[in-house]
Amino acid sequence: MADISIEVNGVKFPNPFVIGSGPPSTNSKTIIKAFNNGWGGVSAKTVSLTETPVINVAPRYGKLKTPSGEIIGFE
């Protein structure tokens, strides 16, 4: 099998496939599951030390509108 490992800023990853911040990276159980399923890394924003779910607040983005109400972007 080909070696697809990478090194980023001195950190070696077994492959370049990294799970981004979100529900799959909120606690140790889901992070371990990601590695067991072959992911090369996890980018975690908010982490719980137990299996207690992290409550995600929605909406995460606000709309930027013109004075007439037209949506021109998000923040």
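Here, each number is a calculation from the coordinates, and none is a lab measurement. Everything numeric here is computed off the predicted structure, so don't read it as measured data. A quick note on method: Cβ atoms are made from the backbone with ideal geometry, for glycine too, and the neighbour counts reach across all protein chains shown.
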*In terms of Cα to Cα distance under 27 Å, which lysines are near enough to Lys45, apart from those fewer than 8 places away along the same chain?*
Lys12, Lys29, Lys33, Lys63
*Charged-residue dipole, Cβ positions (Lys, Arg, Asp, Glu), the chain about Cα centre, Debye nearest 20*: 200
*Could you tell me what percent of the DSSP beta bridges with both partners in the chain are antiparallel, to the nearest 5?*
65
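Under the rule of -39500 (n - 2.57) per DSSP H run of 4 or more residues, summed and divided by the residues of the chain, what mean residue ellipticity at 222 nm is obtained, to the nearest 500 deg cm²/dmol?
-3500 deg cm²/dmol
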*Show the residues, 5+ positions off or on another chain, whose built amide H is closer than 5 Å to the amide H of Asn27.*
Ser48
*Would you mind checking which residues have amide H under 5 Å from Val42's amide H? H placed 1.01 Å from N; only 5 or more apart, or other chain.*
Ile19
*So for region 6-74, taking the charge dipole from beta-carbon charges (+1 Lys/Arg, -1 Asp/Glu), which of Phe35, Gly73, Gly22 sits furthest toward the positive end?*
Gly73
_For region 18-32, Karplus couplings with θ = phi - 60° (6.51, -1.76, 1.60), whole Hz, Gly/Pro x_ = 10, 6, x, 4, x, x, x, 10, 9, 8, 4, 4, 6, 5, 4
*Counting only residues 5 or more places away or on other chains, whose amide H sits under 5 Å from the amide H of Ile6 once H atoms are built in the peptide plane?*
Phe13, Asn15
